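The values are calculated or read from the model by the stated rules, or taken from the named source; none is laboratory data. Please read all numbers here as calculations on a predicted model, not as lab measurements. Using ideal geometry, Cβ is built from the backbone for each residue, glycine included, and neighbour counts are taken over all protein chains shown. The area values use the complete protein model at the heavy-atom level, side chains included, leaving out ligands, DNA and RNA. Shrake-Rupley method; radii C 1.70, N 1.55, O 1.52, S 1.80 Å.
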Amino acid sequence: FNDYDPCIANRMVNGKQHTVRFHVDDLLSSHVDPKVNDRFAEWLEKMYGKYKAVEPTRGKKHDYLGMIIDFTEQNKVIIDMVKYVESMVEDFPVSISKVSKTPAAENLLDIGTGKLLDKGKSEAYHTTVAKGLFLSKRSRPDIQPTIAVLSTRVKSPTESDWKKLIRMLEYLKGTSKLCLKLKADNPQVVKWYVDASFAVHPDYRSHTGAVMTLGEGSVIAMSKKQKLNTRSSTEAELVGADDAATMILWTGLFMEQQGYPLSKNILFQDNKSAILLENNGKRSAGKRSRALNVRYFFLTDQVEKGNLTIEYCPTDVMWADFMTKPLQGEKFRKFRDDILGIS
């Protein structure tokens, strides 16, 4: 079993790795030799068939946990939730007739205004946001910044929150065929893009965005409001890197357990002052950054230990910028296509 994810187990068969993923009683088994999977299915039937027949499916397409996992394109995997998106739009109690080019308008981060929703609408809001959260973490990270905001409103949604939810559904209706395509150029090189939008929330807190890729498409994405106020964009970037640090380091440990020890675990940022602070710690702290809590120099220790390298990435190619604010127009489409792995 992988020490960093107990739902994944590995063993070596004929010199090649056999991997099994568990989700309760749903298993996904893979090995380069199909006969290994056949024998595993036979063993499962022998062990558990008396409780319920084991029903294996084989091939390059698998319906697994609400996703169609598609291996038909060489060297790629496609995560397809088209039917889920269509059902999500159709099940909404209000007919979605329009389509929108982006999931959120520029006022996404504004405080909800208007009357509180009645019980029926409030329940529909909560249900739909929960569905969107499930979707955003699997095949549609392009709606994650919108879901991150809508999720904070489920306890007392207002009319303006309802309109924002409808805007997201209009976008999903118009882009229901989009899928997430993943490709690993080198499984031993992990690239993390981390960015922060300074003081964009009504309480002047900043917003962290992070995207991880192995080559094409986003394997892990994160969009979250920061938990403290910062005094500058540099401080916000430092806090953002700390927000993502746990997942950045976990990724390296997880990949090593899967047989791919990382040669590079790269954190890309577009703020050179933040990079200096992360690389040098308090040695690079000036008058404005002296008061920063020592915890935000945790990454400096990881850099010195060789667990992480931090590199500069221009803002125009900073994928994580997508996760920090409601982008519009060409910039939205460019980053969305990068994150979804669309050529």
Quiz item: When the chain is modelled as a GNM with alpha-carbon springs shorter than 10 Å, which of 190, 20, 54 fluctuates the most?
Solution: 54
Practice problem: Distance between Cα centroids, the range 92-128 to the range 192-226: provide it in whole Å. | Solution: 23 Å
Quiz item: Over the heavy atoms of residue 304, what accessible area does a 1.4 Å probe trace out, to the nearest 10 Å²?
Solution: 120 Å²
Quiz item: In terms of Cα to Cα distance under 25 Å, which lysines are near enough to residue 272, apart from those fewer than 8 places away along the same chain?
Solution: 191, 224, 225, 227, 264, 282, 287, 305, 325, 331, 334
Quiz item: How much accessible surface area, in Å² rounded to 10, belongs to the heavy atoms of residue 163 with a 1.4 Å probe?
Solution: 150 Å²
Quiz item: Roughly how many Å² of residue 69 are accessible to a 1.4 Å probe, to the nearest 10?
Solution: 20 Å²
Quiz item: Dividing the Cα radius of gyration by the Kirkwood radius, what Rg/Rh value follows for the range 1-144?
Solution: 1.09
Practice problem: Restricting things to alpha carbons, tell me how big the range 127-264 is in terms of Rg and Dmax, in Å. | Solution: 16.7, 50
Quiz prompt | Point-charge dipole on Cβ atoms (K/R +1, D/E -1) for the range 1-127, about Cα centre, debye to 20 | solution = 300 debye
Practice problem: Give me the aspartates and glutamates in straight-line cross-link reach of residue 164: C-alpha distance below 13 Å, same-chain residues under 8 apart excluded. | Solution: 106, 110
Quiz item: If you look for lysine pairs in the range 9-122 that are eight or more places apart or on different chains, how many of them have Cα atoms under 15 Å apart?
Solution: 4
Practice problem: Would you mind estimating how fast the range 200-268 diffuses translationally, via Stokes-Einstein at 10 °C and 1.306 mPa s with the Kirkwood radius over Cα pairs, in µm²/s? | Solution: 119 µm²/s
Exercise. Please report, in debye to the nearest 20, how large the charge dipole of the range 135-177 is about its Cα centre when each Lys and Arg carries +1 at its beta carbon and each Asp and Glu carries -1 there.
Key: 160 debye
Exercise. With only alpha-carbon atoms counted, please give the Rg and Dmax of the chain, in Å.
Key: 21.9, 70
Practice problem: For the range 103-146, restrict the atom set to alpha-carbon positions and state the Rg and Dmax in Å. | Solution: 12.2, 33
Quiz item: When the chain is treated as a GNM, springs tying every alpha-carbon pair under 10 Å, which of 155, 325, 137 comes out with the largest mean-square fluctuation?
Solution: 155
Quiz item: Say we join alpha carbon atoms closer than 10 Å with springs in a Gaussian network model of the chain; which of 209, 114, 49 then has the biggest fluctuation?
Solution: 49
